[in-house]
Amino acid sequence: MVNENSPFQGLEVEDNPVLEVTPQEHTLQQDLESHMQHYHALPGDCDALEKAKLQLDIAECHLGLDQQQQAHDWAKKSFQTFIDREQWQLAVDACDILYNSNQDDALIALGNGIWLAVTFPIDPTVSVQMLHHIVDETPDDSDGAAVAAMLAHYLAETRASDKDHENLTFLTNQIISQVAKRHRGIEDEQTVQTWIKMYELDDIEKLLPKMALILDTIVEDNWWYDKEQIRSRLPVN
């Protein structure tokens, strides 16, 4: 029997905005179906790295479709393979998806990803993005945001290609200005520079240990890899 008092009475499917699918969502859904078909067709003895890359592609599609739990689970499946194969960029990409999936281990994923992003010369745009998450997560008066902003700028300055350097350092300078304003109400460039000097934010030898403390606080004992073992693989450790 039709309930004439129902708020859905007379509503056509095409009138319901919840059911509308954007072109981007349609493309993501098609990509997801293609990746899933490929994944299920993988032979049992396929290369673990090929499988992990496909898992990450699936996770990215789920995240784009706002299917956060699925995005988390697929990204988590891929992570250890990237560590084992020393695919640091992909490991950080997995951590970024895990963070953006907003599950219980989001901050742990962020801390694990940032350590790798700072330790290895991955795409500096991704490193800056990961450190910007710290800025977003910390209170306005937190020194942690200042440390993250300055470290992001340092990585942009030292790792960005000639093509990307100007745009990326412009972005990191904007982040520093944003943090200085909310941290101490500073807005003019000269006072920002004084603030940087006062907190020794321009000294990378002091900045890195400060970031290490922040990451230890975020991650606690939930490191997903052996940091000392990874350090031993570095050319200089």
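How tilted is helix 106-119 with respect to the longest principal axis of the chain? Cα atoms for both, answer in degrees (0 to 90, nearest 10). Tilt of helix 106-119: around 50 degrees.
If the only charges are +1 at each Lys and Arg Cβ and -1 at each Asp and Glu Cβ, what is the size of the charge dipole of the chain around the Cα centre, to the nearest 20 debye? Walk me through the numbers before you get to the answer.
Values: 16 positive and 43 negative charges, 177 e Å.
Dipole size: approximately 860 debye.
GNM remark for the chain: springs join alpha carbons under 10 Å apart, and the peak mean-square fluctuation among Glu20, Glu86, Glu187 falls on Glu20. Separation of the alpha carbons by more than 31 angstrom is noted, of Lys181/Lys227; Lys53/Lys206; Lys76/Lys163; Lys163/Lys197; Lys51/Lys210; Lys76/Lys210, for Lys181/Lys227; Lys53/Lys206; Lys76/Lys163; Lys51/Lys210. For Asp136, neighbours were defined as the other residues whose beta-carbon sits under 14 Å from its Cβ, and their charges (Lys and Arg +1, Asp and Glu -1) total -2.
For Rg and Dmax of the Cα atoms in Å, the candidate list reads (i) 21.7, 76; (ii) 39.7, 125; (iii) 18.5, 54; the entry that matches the value derived from this model is (i).
Averaging the Cα positions of each part gives two centres, and for the stretch 91-117 and the stretch 169-237 these lie 17 Å apart. A cut-off under 13 angstrom between Cβ atoms defines the neighbours of Gln178, and their net charge, with Lys, Arg +1 and Asp, Glu -1, is 0.
Between Leu201, Leu56, Leu151, find the one with the highest GNM mean-square fluctuation for the chain; connect C-alpha pairs within less than 10 Å. Top of the fluctuation ranking is Leu201. The packing ranking, built from the mean of other Cβ atoms within 10 Å per residue, places the peptides 31-40, 92-101 in the order 92-101, 31-40, highest first. Helix 23-40 and the longest principal axis of the C-alpha atoms of the chain enclose an angle of approximately 90°.
Kindly rank 62-73, 188-199, 113-124 from highest to lowest mean number of other beta carbons found within 10 Å of each residue. The partial results should precede the final answer.
On the way: 62-73: 17.7, 188-199: 13.8, 113-124: 21.3.
Result, highest mean first: 113-124, 62-73, 188-199.
Protection proxy ranking, highest mean first, for peptides 216-225, 42-51: 216-225, 42-51, where packing is the per-residue count of other beta-carbon atoms within 10 Å, averaged.
The angle between the Cα long axis of helix 68-84 and the main principal axis of the chain comes to about 50°, on a 0 to 90 degree scale.
Readers should treat all values here as calculations from the given coordinates under stated rules, not as data from a laboratory. All of these numbers come straight from a predicted model, not from anything done at the bench. Neighbour counts are summed over all protein chains in view; Cβ atoms, including those assigned to glycine, are modelled from backbone coordinates with ideal geometry.
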